[in-house]
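Just below is one structure, and these are the notes that go with it.
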Amino acid sequence: MKITGPDIIDWIYRQDLPWDKGDLHVFENLLIDGYKALKEDSQDLAARYAKTNINRLWNILKQRSQKETNNGITPLIDTFIDQDFRFISNYDTKSKQDITARKKIRCRPAILREIDSLNDREYEALACSILKNLGATHIRLNEGGNEGGVDFYAILKVHTRNHMFSNIGGSLRIIGQSKKYKTSVQDSTIKEFCQTINDIKQLTPSIKDKIPSWFLLSKSPIIGWIISHNGFQRGALDRAKNHGIMASDSLDLAEIIVMSKLKSYAETTNPSLKIEAIRNEKNNFLNFREFLAQ
């Protein structure tokens, strides 16, 4: 089994790092532990791998942290100490002002591990439950199979008071796909999704009968949302952006869940209660498939 640098960084993101003592994390030790866990190799081989690759993987970690900051996601790292490859995680509590947010973030590794455990169908249901928590008024989880390449439909309420969004009905129609792939989504997948969205907009006969009536009756703008467990290849991400498609990964989903203030996602900093709430919401969609707000 080949282990890549991003594989080990992903492993680190799923570890329950100390969060309440301001501990300095030794990056080389984490690389050794991660390599051993993923490769099931000896301590000596893991130590050799860590020593050989530490500079490259340190830079990957820093680049990912900057990307997450730019995208509005809480990065794993609070402070990088380059001279000896140590860092302070964002799970550490350093000030009273940050204590609540940081306690929430410490749930994220457990949430990511829970998402890892989901099968394809459960991953689709998770997206629906997240839309509900974001304020969607209508959601349908499709049965799968011959549904025209759509996993779910939704109408998402836009929470704004400005006149422009009020004039378009204050909502967006969402066409969704979830990809629980072991690899990154390729450009060809985004290209097919673009065609699916166009078919829906044009009410192509082959797909029109598969669209929920409430989706057809709405006059709100239509956007696509594709979710990939393992991210996107560069060309795929570029195509999604160029066609106005939202592209998210499982870290995005975990961030929404841990930062949610809604009771249905358990306003708590206890990881076990958070996961229980996720499972309940997900199972509701697996059992009933459709949510229509009263």
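The values are calculated or read from the model by the stated rules, or taken from the named source; none is laboratory data. Worth saying up front: this structure is predicted, and the values here are computed from it rather than measured. In this analysis, Cβ positions are derived from the backbone assuming ideal geometry, glycine residues included, and neighbour counts consider all displayed protein chains. Ligands, DNA and RNA are stripped out before the accessible areas are found, and what is left, the full protein with its side chains, is counted by its heavy atoms. Shrake-Rupley method; radii C 1.70, N 1.55, O 1.52, S 1.80 Å.
Just a few scattered comments:
- Matching residues in region 206-221 - criterion: being open to solvent by 40 Å² or more (accessible area, probe 1.4 Å) and part of a helix (DSSP H, G or I): S206, K208, S213, L216, L217
- Verdict on N162 being modelled with pLDDT under 95 and not hydroxyl-bearing (S, T, Y): yes
- Test set (1) on the phi > 0 side of the Ramachandran plot; (2) in contact with a strand residue (DSSP E or B) (Cβ under 7 Å, 6 or more places away or on another chain); (3) open to solvent by 30 Å² or more (accessible area, probe 1.4 Å) - L203 fails condition number: (2)
- Given (1) in contact with a strand residue (DSSP E or B) (Cβ under 9 Å, 6 or more places away or on another chain); (2) touching a residue at least 40 places away in the same chain (Cβ under 8 Å); (3) β-branched (V, I, T), index of the condition I111 fails: (1)
- Candidates in region 98-136 are the residues that are open to solvent by 40 Å² or more (accessible area, probe 1.4 Å) and among the β-branched types (V, I, T); of these, the one that is modelled with the highest pLDDT is T100.
- Taken over region 216-237, the criterion of being farther than 17 Å from A154 by Cβ and under 18 Å from the mean Cα position of the chain (by Cα) is satisfied by S228, H229, N230, G231, F232, Q233, R234, A236, L237.
- Residue pairs whose Cβ atoms lie under 6 Å apart, sitting 6 or more positions apart in sequence or on different chains, and linking a residue in region 115-137 that is on the phi > 0 side of the Ramachandran plot to a partner that is open to solvent by 20 Å² or more (accessible area, probe 1.4 Å) and not in a helix (DSSP H, G or I), are G135/K157.
- Restricted to helices (runs of 4 or more DSSP H) entirely inside region 1-78, those with at least 1 residues that are open to solvent by 60 Å² or more (accessible area, probe 1.4 Å) and either in contact with a strand residue (DSSP E or B) (Cβ under 8 Å, 6 or more places away or on another chain) or among the hydrophobic types (A, V, I, L, M, F, W, C) (or both) are 43-70.
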